[in-house]
1. Do you know which of the residues in the range B:1-28 that are within 14 Å of another protein chain (Cβ to nearest Cβ) and among the hydroxyl-bearing types (S, T, Y) is least open to solvent (accessible area, probe 1.4 Å)?
2. Name the residues in the range A:14-33 that are at pLDDT 85 or above, of a type outside the set (V, I, T) and crowded, with 16+ Cβ neighbours inside 10 Å, would you?
3. Please count how many residues of the range B:265-289 are closer than 16 Å to A:L127 by Cα and either among the hydrophobic types (A, V, I, L, M, F, W, C) or open to solvent by 10 Å² or more (accessible area, probe 1.4 Å) (or both).
4. Within the range A:218-246, how many residues are open to solvent by 20 Å² or more (accessible area, probe 1.4 Å), assigned to a helix (DSSP H, G or I) and more than 10 Å from chain B (Cβ to nearest Cβ)?
5. Return yes or no: is B:I298 out of contact with any strand residue (DSSP E or B) (no Cβ under 8 Å at 6 or more places or on another chain), open to solvent by less than 30 Å² (accessible area, probe 1.4 Å) and assigned to a helix (DSSP H, G or I)?
6. Just to be sure before I move on: is B:V146 within 19 Å of the chain's Cα centre (by Cα), in a loop (DSSP other than H, G, I, E, B) and surrounded by 14 or more Cβ atoms within 10 Å (Cβ to Cβ) in the structure I sent?
Amino acid sequence: MSRVFEVLNHLVGDGYGIVGVVLVALMVFLAVGAPLLPLPDPNSVDFPRFLPPSPEHPFGTDNLGSDVMSRTIWGARVSIAIGLGAALISSLLGALLGAVAGLLGGAVDATISRVIEIFLMLPTFFLAVLMAALFGSSMANLMVIIGITTWPTTARIVRGATLSVKERLFVEASRALGASSLLLLRRHILPNIMAPTISYTILQIGRAILIEAGLSYLGLGDPNVPSWGRLIYRGQAYVFSAWWIATFPGLFLVLTVLGFNLLGDSLLRYINPKLRRL
Amino acid sequence: MSFFAYTLKRIAYGTLVVVIIVATNFVIVNLAPGDPAVAMGGELVLSNPEYIKAVRERWGLDKPLIYRLLHYLYNVFLRLDLGYSYRYLEPVSKLIIERLPYTLLLTITSSLLAFALGLLTSVISVRRLGKTDTALTASSLVLWSVPVFYLGIMLVWIFSVNLKLFPAAGLIDVRNPKTGIYYVLDVLHHAFLPVTTLALALYPAYYKLLRDTMVEVLSEDFVMTFRAVGLDEGRLVRRHVLRNALIPAITLLGLQLGYSVAGAALIENVFGWPGVGKLLLDAVYVRDYPVIMGVFLITSITVVAANIVVDLVYAALDPRVRVGR
């Protein structure tokens with residue numbers, strides 16, 4: 001518990017960190033609370049079409065006669081859910097493979113490292129486009145696709161962290177006393193690589209939200225749910241006549257990604273005080 | 001290891017990587033739901049029995065997957081045949097080569113611009129830490145979080161819709177076609193917004209890398225020595241600090257250029273720019289698989305090649321790298 005307090009204290013003291021916390025908290029609040037907020041039905045098409053922003057419709061209405069503010073806030077649910085899901089898949093996969101490679105070393109490490117290296121050279125976004133086009137793009141599919149195209153970043157970092165923990169004396173001592181690899185992993189390695197893994201997972205959420213937005217913008221998002229990328233995709237056609245349709249969802253998207261990036265960066269500065277000078 | 005041996009080793013490894021990527025790509029496409037014959041030959045297959053036979057024979061579609069994979073690799077690497085687009089009914093390689101100059105105009109120009117802008121602003125940041133630095137850092141953090149296509153749409157809204165300074169889309173003014181030098185000027189006029197968008201999207205990475213490295217170098221002992229002997233601060237940053245920070249930034253530029261073949265797909269889509277990225281996206285919509293795989297292959301080759309070049313430059317500059325692996 002005191003650790004949590006310490007982290008919060010750092011975030012408040014770190015200028016960018018607190019902005020990140022506020023932005024993320026606000027967006028998560030909107031995403032979770034959307035059904036409770038006094039908003040018109042996001043799928044209702046009963047309003048006049050193309051109304052500019054006004055007190056009744058602060059973000060205007062779109063080409064189908066839906067309220068843009070309502071759709072934008074409901075969009076937070078989809079974008080953040082996909083971001084979270086994808087980042088979790090990506091981090092679990094990355095942390096697992098990274099830890100195994102770092103811990104076992106030898107041929108296993110060499111194989112995993114090569115796979116990571118090759119993956120990092122792949123044009124990730126195109127791989128995601130290709131897979132979304134071929135296998136369909138339901139929300140679950142999108143999470144898996146983004147997860148398995150972004151795991152190597154985390155894997156490389158966790159592998160590095162594992163290697164450096166493994167060299168430390170207390171781990172060496174534990175091994176000398178006959179501890180098995182599994183015990184070492186559970187007792188010493190995992191607790192020590194948790195912090196960087198969590199920080200990079202948070203950065204990964206921002207990245208996943210951007211990738212999902214890119215896919216949705218290309219028409220490869222889940223057609224049944226309004227993510228921010230889909231809203232921008234729809235709004236682009238009307239940028240000449242109704243700027244508000246694309247502008248507001250995009251603004252929320254930017255603020256959310258910014259929030260996760262600031263929070264993640266700030267956590268990295270907490271773990272590694274050397275970065276604080278920068 | 002000699003530099004020559006190191007070069008050979010990297011190239012051999014790079015070739016292996018490209019083969020693995022192509023094979024993975026092939027398996028992904030073939031695992032996808034639907035008949036691979038339709039995927040390879042497209043809709044024509046359904047209507048034209050002559051064509052289906054030719055396509056099946058050419059790509060060995062009646063054979064098991066492993067045989068087809070080898071056949072595909074043979075076609076791609078030994079016959080340099082990427083197949084035919086069913087939508088355009090033209091060789092995939094021809095389609096890509098036609099569009100390449102337009103894409104490279106966008107990607108190379110914007111990468112260089114982003115690099116130059118990053119260089120300039122990071123030096124300003126380091127020279128006057130404090131408010132200017134905070135403002136530049138904050139704005140680069142925001143830009144880093146903006147999806148490139150949204151940035152493009154917003155620039156269109158500002159510069160095309162409201163200020164009417166630049167065209168919103170296309171390569172040339174189709175209602176008023178021009179020739180000679182005026183054609184070039186027209187293309188440049190149309191390229192302005194996509195190039196600006198892409199440069200702004202690429203810029204934060206250069207700024208952050210250069211600034212952070214320079215701040216780190218500034219805390220090193222030799223800097224203190226230079227300051228102690230009274231070296232002019234501007235000269236110190238330009239001659240000694242920046243020089244140390246340039247190597248990672250040039251690496252980034254090299255890797256970035258590796259993505260220049262299709263790296264502008266989203267931007268080309270926003271601005272209706274007839275480049276390789278747009279070709280790929282259009283192919284995705286109509287499931288033009290030979291084109292998708294072809295663009296993916298070319299992109300992979302350039303990315304891997306850029307990686308090798310960057311590695312080799314490193315090895316040439318720093319002999320320790322050669323021993324490392």
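The values are calculated or read from the model by the stated rules, or taken from the named source; none is laboratory data. Just so it is clear, the model here is predicted, and its values are computed rather than measured. FYI the Cβ positions are ideal-geometry reconstructions off the backbone, even for glycines, and counts take in every protein chain you see. For accessibility, only protein heavy atoms count, side chains too; no ligands or nucleic acids. Shrake-Rupley method; radii C 1.70, N 1.55, O 1.52, S 1.80 Å.
1. B:Y13
2. A:Y16, A:G17, A:G20, A:L23, A:M27, A:L30, A:A31
3. Just the residues of the range B:265-289 that are closer than 16 Å to A:L127 by Cα, to begin with: B:265-266, B:276-285, B:287-289.
Those left that are additionally either among the hydrophobic types (A, V, I, L, M, F, W, C) or open to solvent by 10 Å² or more (accessible area, probe 1.4 Å) (or both): B:265-266, B:276, B:278-285, B:287, B:289.
Qualifying residue count for the region: 13.
4. Qualifying residue count for the region: 2.
5. On the way: out of contact with any strand residue (DSSP E or B) (no Cβ under 8 Å at 6 or more places or on another chain): yes; open to solvent by less than 30 Å² (accessible area, probe 1.4 Å): no; assigned to a helix (DSSP H, G or I): yes.
Spelling it out, it is not the case that B:I298 is out of contact with any strand residue (DSSP E or B) (no Cβ under 8 Å at 6 or more places or on another chain), open to solvent by less than 30 Å² (accessible area, probe 1.4 Å) and assigned to a helix (DSSP H, G or I).
6. yes
For (1) outside any helix (DSSP H, G or I); (2) free of Cβ contacts under 8 Å to residues at least 40 places away in the same chain, each residue gets a yes or a no:
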residue	(1), (2)
B:V76	no, no
B:D81	yes, yes
B:L100	no, no
B:A116	no, yes
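One line per residue, one yes/no per condition, for (1) in contact with a Gly (Cβ under 9 Å, 6 or more places away or on another chain); (2) without any contact (Cβ under 8 Å) to a residue 12 or more places away in the chain; (3) over 29 Å from A:A195 (Cβ atoms):
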| residue | (1), (2), (3) |
| --- | --- |
| A:P48 | yes, no, yes |
| A:P58 | no, yes, yes |
| A:T72 | no, no, yes |
| A:G98 | yes, no, no |
| A:G102 | yes, no, no |
| A:G106 | no, yes, no |
| A:R114 | no, yes, no |
| A:L120 | no, no, no |
